[in-house]
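Engineer: Quick one: the structure is below, questions incoming.
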Amino acid sequence: MTMVSEVLSARCINCRITRPTGTQVPLSTLKAGVKAVLVGFDDSLDAPTTRRLMDLGFLPGRCVELVRKAPMRDPLMFRVCDYELVLRGAQAGKILVQTEA
Amino acid sequence: MSTTSAAFAVHAEQVDHDPRALRWVSMSTLPGTGRLVRCPGSLGELLDQDWFTDALAERHGLWLWLRDDLSWSGVGQQVRRGLVGALRAPDQWGFEDATEDLIRVVLRDVLAGETGEYIRSHGGNIEPTRISADGSVELELSGACSDCPARGITLHDRVESVLRERLTDLGEISWHNAHRESSPQRLFHLLPTRRR
Amino acid sequence: MTLRHPGSGAVQLTPQLERFALVGSPNAGKTTLFNGLTGLRAKTGNYPGVTVSRYEGVTRFSGHELLIEDLPGTYSLDPISPDESIVSGIIDPEVAEHDQPRGLIALLDATSLRRSLGLLAQLMTTRQPVAVVLTFTDELARRQGRVDVAALSRALGLRVIPVISGRGDGVRAVQEAMVEVDSWPAPAIVPPSDHDELRGWVDSVLAAAGYQVPEIDSRTRRIDGLLLHPVSGTLIFLAVMYAFFQIIFTVAAPMQDQVEAFFGWLGGLASEGITIGWLSSFVSDALLGGLGGVLVFLPQIMLLFVMIALMEGTGYMSRAAFLMDRVMARAGLEGRAFVALLSSLACAIPGIMATRSLPSAKDRIATIMAAPLMTCSARLPVYVMLIALLVSPDAKLGPFGAQGTVMFGLYLLGAVSAMSAAWVFKRIGGRSGIALPFYMEMPSYRLPSLRTVALTVWESSKAFLRKVTSIIMITTIVMWALLNLPLHSDADMLAAGVDPTDEVAASAYVIDNSLAASVGNAVEPVFEPLGFDWRINIGVLSSLAAREVFVATLGQVAAAQNPDNPGSALQTMTVDSGARAGEKLFDTATVIALLVFFVYAMQCMSTLGVIRRETGTWRWSLIAFGYLSVLAWVMAFAARSLTLALL
């Protein structure tokens, strides 16, 4: 492995959560317009997907918000990192957030 | 808007003509200003081990001059982590007075940056003629700008506001030649004359 | 997960020039800048071993010639698929070794800077020369955002060039920067990689640059409130699709009439003006007949291209993908595959090119294999001709016109078959590698520049026009030759009992004994179960080059029999020999079999060529040709058998 790829692969080590606490809920359960803060990723999500989500702006500490769902309830449009991104419920279910309330 | 633990938000900026120095900019205000003598965590250790030939803190920036045998590309990440950790314990920082040095460094930075470029683009030049330990500064404005009647409003204010924003211990700023108001005779000099 | 390739696959298409790589996320305006820098001088190739297209172009500036490589849009240098490994390999200095680009130009969208700085941080970690191009600064301002470019440059330690796409001064500024690559500033230390430290670095840099987050694009929010609403959004989407089809049939009609009239007039001129018999036949049958039949549909295909380009340029295509993702997921695909298949309704070629937007190689292959099944405009002349032979214009099926219903049925069959084919190819593509997660950025609605729309339409039309002017022309001419050779002297004809002065009988004799007829009869065993005779056979064989040629070929055959009314000639044509001797050639079962054959058969050399170009290998073109030919025969046979059973 090259230096660059090693550095990139090591990134998500400390943001994967095995046992979410009561306040840490999946992103897919968020209601539209409710602001939440990202806390980490469920352990069951594979590492490459976790790192890709981080590269898309889903970093622990960032604000996330559900904008709308598609007519058939999937996929979901989120606002994260000042832009709009579409994810399927399957992935959104593995992203753990904490609502500000 | 993203929620950020402000202690983590730092980045390093190059210093003009000084490869030994880096200005570490912090989103949160530093715990104090002046020469850094005591610091918690790993940064404190680096400080004690004389990694730095000097360390000066302004409101939002920590100036670090690295020892000659070390390189920023080698130790940069360590320093960053140390700084981020140290910002978590702001009450354990210790400073000593270094007003003159700090003003000199920040002034040089301001004049090397946009403000200085703005002045130079109009054909002017600002030099510090005196920096005192009590924080008072005398600046000399020369070049095409020195005769401009507008200089009082734009240049002086601009430079002063930028400096005050960064330096808490800045005293009075006086301008060399500032008392020379533009007089009617001066204006006549700008009119075309038949005399040579 | 970096794959090592000998030479890193970065062997330039145009060596000896200094090479710069354009890196950035999709939607950042990379293509616009690339087009601005290279004009139409870009070359396309493939990265070795993967189905990713490669774009290189030369930009000229004050005596310098520089090579620009437009790397595929990416959010990260951390690859999660073999395709991405290729790209990150080009940038990773340890992989690229001696083939590193001279400098990296990072394109960052000013409206999503908080995210884009993450990619920039990764690029800076490679310690190569990097310069930043900031795009959409005008949109940033429009949405009450702001950024101090000089302060950003200082905070990053890099050169930052603000650019407003489409403006020439931006392109010049980038060219200037490339020429001055040796004086690009570089920071003393690279940004952090740990996610918390990176977040801090990004936020700190943005704060120092006075970055004001652009307000949520209220215009886009409001429009999306309508266009993506569960009820109104779906209805509007269906309306847009309906409009799509209306263009195909109704809107283009007046223009089609004009084109048809024009060719009719030209044909008249030809037959009157040219006295040499064979030349007159050549000009009116081969040239005008062949071209005319195709160009009649040109207004409609151009309109479709324009509509697709507009949907793409405004950002509506992303909304279409959002709405259709759930449906596409049933076939194992994703929303963006819908866009590719929709484009295939105009022409499979731009549709296949549109699969570049799919990150998953398996999705790309599956969609490429399915695209030819969508009812492209080339099938229309054939369908129109055959449906006229099947049902009369007045016939009705309940409240609907019978002809329209059959047409609709054919479109539906094509679409359902396409989705099924995609599903199959996705499944058999193997279970190697992880399933790529679906993610898609939703851009703001933008008013596309006329130049961008024109360039997009031109890109789509290029292949189609090339097909018309070369493949169709050549095939029609060859068919004309095959139908009129070998030459027969009057003596030969008299000996066969044909009166040489009777033009109709003479030309019928020529055709019945032509080279084409020999070929058509030779392949009879293959097509006989479908009810085809030699005339349909040569029509089908000639249309392997391009579907429209079928009409031209059968037109020539029919015109020989009845120059004044070829249509009725087709109606009354009878089979010469074999099991169906004496029966009407175009009876119901045969026409239905023929229609179904055309739904499935791969009859377009241009499409095969594009598949090869997009996948980098002939393998998939051959697979497509193979499976579609078999499917065409089987389904045509099934359709014929079913029709015969029901009648």
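Engineer: Quick check on this structure: which one of C:VAL181, C:VAL163, C:VAL205 is surrounded by fewer than 23 Cβ atoms within 10 Å (Cβ to Cβ) and either within 14 Å of chain B (Cβ to nearest Cβ) or more than 30 Å from A:ILE13 (Cα to Cα) (or both)?
Structural biologist: C:VAL181
Engineer: Here's something else I'd like to know. Does the stretch C:299-314 contain at least one residue that is modelled with pLDDT of 80 or more, on the phi > 0 side of the Ramachandran plot and touching a Phe, Trp or Tyr at 6+ places or on another chain (Cβ under 8 Å)?
Structural biologist: No, that holds for no residue.
Engineer: If you check C:ALA239 against the conditions, is it at pLDDT 75 or above and under 21 Å from C:MET407 (Cα atoms)?
Structural biologist: It is true that C:ALA239 is at pLDDT 75 or above and under 21 Å from C:MET407 (Cα atoms).
Engineer: Please list, ordered by first then second residue, the pairs with beta carbon atoms under 7 Å, 6 or more apart or interchain, first in the stretch C:17-31 and more than 30 Å from A:GLU84 (Cβ to Cβ), second basic (Lys, Arg).
Structural biologist: Hits for this filter: C:GLU18/C:ARG102; C:ARG19/C:ARG102; C:PHE20/C:ARG102.
Matching residues to (1) free of Cβ contacts under 8 Å to residues at least 60 places away in the same chain; (2) more than 7 Å from chain C (Cβ to nearest Cβ); (3) not hydroxyl-bearing (Ser, Thr, Tyr):
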residue	(1), (2), (3)
A:GLY57	yes, no, yes
A:LEU66	yes, yes, yes
A:VAL97	no, yes, yes
A:GLU100	no, yes, yes
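Engineer: Right, here's the next one. Residues in the stretch C:187-194: is at least one of a type in the set (A, V, I, L, M, F, W, C), in contact (Cβ under 8 Å) with a residue 24 or more places away in the chain and either within 11 Å of another protein chain (Cβ to nearest Cβ) or surrounded by fewer than 14 Cβ atoms within 10 Å (Cβ to Cβ) (or both)?
Structural biologist: Among the residues of the stretch C:187-194, at least one is of a type in the set (A, V, I, L, M, F, W, C), in contact (Cβ under 8 Å) with a residue 24 or more places away in the chain and either within 11 Å of another protein chain (Cβ to nearest Cβ) or surrounded by fewer than 14 Cβ atoms within 10 Å (Cβ to Cβ) (or both), which makes the answer yes.
Engineer: What number of residues in the stretch C:213-255 are within 14 Å of chain A (Cβ to nearest Cβ), outside any loop (DSSP other than H, G, I, E, B) and β-branched (Val, Ile, Thr)?
Structural biologist: Matching residues across the stretch C:213-255 total 4.
Engineer: Taking the criterion of being crowded, with 20+ Cβ neighbours inside 10 Å, over 16 Å from A:ALA90 (Cα atoms) and more than 14 Å from chain C (Cβ to nearest Cβ), would at least one residue in the stretch A:32-50 satisfy it?
Structural biologist: The answer is yes; a qualifying residue exists.
Engineer: Determine, yes or no, whether C:ASP148 is touching a residue at least 40 places away in the same chain (Cβ under 8 Å), surrounded by fewer than 21 Cβ atoms within 10 Å (Cβ to Cβ) and either touching a Cys at 6+ places or on another chain (Cβ under 9 Å) or of a type in the set (Asp, Glu) (or both).
Structural biologist: Values: touching a residue at least 40 places away in the same chain (Cβ under 8 Å): yes; surrounded by fewer than 21 Cβ atoms within 10 Å (Cβ to Cβ): yes; either touching a Cys at 6+ places or on another chain (Cβ under 9 Å) or of a type in the set (Asp, Glu) (or both): yes.
Answer is yes for this residue.
Engineer: Further, regarding this structure: Evaluate the stretch B:34-52: report whether one residue or more is within 19 Å of C:ALA208 (Cβ to Cβ) and not hydroxyl-bearing (Ser, Thr, Tyr).
Structural biologist: Checked against the condition, which is being within 19 Å of C:ALA208 (Cβ to Cβ) and not hydroxyl-bearing (Ser, Thr, Tyr), the stretch B:34-52 yields no hits at all.
Engineer: Please indicate, with yes or no, whether at least one residue in the stretch C:536-557 is of a type in the set (Asp, Glu) and at pLDDT 80 or above.
Structural biologist: Checked against the condition, which is being of a type in the set (Asp, Glu) and at pLDDT 80 or above, the stretch C:536-557 yields at least one hit.
Engineer: Only one of (1) crowded, with 22+ Cβ neighbours inside 10 Å; (2) more than 7 Å from chain C (Cβ to nearest Cβ); (3) closer than 23 Å to A:LEU8 by Cβ fails for A:LEU76. Which number is that?
Structural biologist: (3)
Engineer: While we're looking at this one, here's another question. Name the one entry in C:GLY210, C:GLY145, C:GLY170 that is among the small types (Gly, Ala, Ser) and away from chain B (no Cβ under 14 Å).
Structural biologist: Matching residue, one of C:GLY210, C:GLY145, C:GLY170: C:GLY170.
Engineer: Answer yes or no as to whether C:ALA121 is small (Gly, Ala, Ser), surrounded by fewer than 21 Cβ atoms within 10 Å (Cβ to Cβ) and more than 9 Å from every other protein chain (Cβ to nearest Cβ). Quick ask: steps written out before the conclusion?
Structural biologist: On the way: small (Gly, Ala, Ser): yes; surrounded by fewer than 21 Cβ atoms within 10 Å (Cβ to Cβ): yes; more than 9 Å from every other protein chain (Cβ to nearest Cβ): yes.
Against the criterion (small (Gly, Ala, Ser), surrounded by fewer than 21 Cβ atoms within 10 Å (Cβ to Cβ) and more than 9 Å from every other protein chain (Cβ to nearest Cβ)), C:ALA121 qualifies.
Engineer: Search the stretch B:56-73 for residues being under 24 Å from C:ASP203 (Cα atoms) and more than 9 Å from chain C (Cβ to nearest Cβ), and hand back the single one that is surrounded by the most Cβ atoms within 10 Å (Cβ to Cβ).
Structural biologist: Looking at residues that are under 24 Å from C:ASP203 (Cα atoms) and more than 9 Å from chain C (Cβ to nearest Cβ), I get B:LEU64.
Engineer: Let me confirm something: among C:VAL160, C:VAL133, which residue is within 24 Å of B:TRP24 (Cβ to Cβ), at pLDDT 95 or above and in a strand (DSSP E or B)? Show your work before the answer.
Structural biologist: Values: C:VAL133 fails: within 24 Å of B:TRP24 (Cβ to Cβ).
Going through C:VAL160, C:VAL133 in turn, just one is within 24 Å of B:TRP24 (Cβ to Cβ), at pLDDT 95 or above and in a strand (DSSP E or B): C:VAL160.
Engineer: Given the condition surrounded by 15 or more Cβ atoms within 10 Å (Cβ to Cβ) and more than 20 Å from C:TRP633 (Cα to Cα), answer yes or no: does some residue in the stretch C:540-548 qualify?
Structural biologist: Among the residues of the stretch C:540-548, not one is surrounded by 15 or more Cβ atoms within 10 Å (Cβ to Cβ) and more than 20 Å from C:TRP633 (Cα to Cα), which makes the answer no.
Engineer: When the residues of the stretch A:53-68 are filtered to those that are among the charged types (D, E, K, R) and over 10 Å from the mean Cα position of the chain (by Cα), which remaining residue is farthest from A:ILE95 (Cα to Cα)?
Structural biologist: A:ARG68
Engineer: Could you grab me the full set of residues in the stretch C:355-368 that are within 26 Å of C:ILE247 (Cα to Cα) and either surrounded by 24 or more Cβ atoms within 10 Å (Cβ to Cβ) or touching a Cys at 6+ places or on another chain (Cβ under 6 Å) (or both)?
Structural biologist: Selection gives C:THR355, C:THR367, C:ILE368.
Engineer: Considering C:GLY268, C:GLY289, C:GLY277, which residue is out of contact with any strand residue (DSSP E or B) (no Cβ under 7 Å at 6 or more places or on another chain) and crowded, with 19+ Cβ neighbours inside 10 Å?
Structural biologist: Values: C:GLY268 fails: crowded, with 19+ Cβ neighbours inside 10 Å; C:GLY277 fails: crowded, with 19+ Cβ neighbours inside 10 Å.
Sole residue among the options that is out of contact with any strand residue (DSSP E or B) (no Cβ under 7 Å at 6 or more places or on another chain) and crowded, with 19+ Cβ neighbours inside 10 Å: C:GLY289.
The values are calculated or read from the model by the stated rules, or taken from the named source; none is laboratory data. Remember, it's a predicted structure, so these values are computed and weren't measured experimentally. Note: ideal-geometry Cβ built from the backbone for every residue, glycine included; neighbour counts use all protein chains shown.
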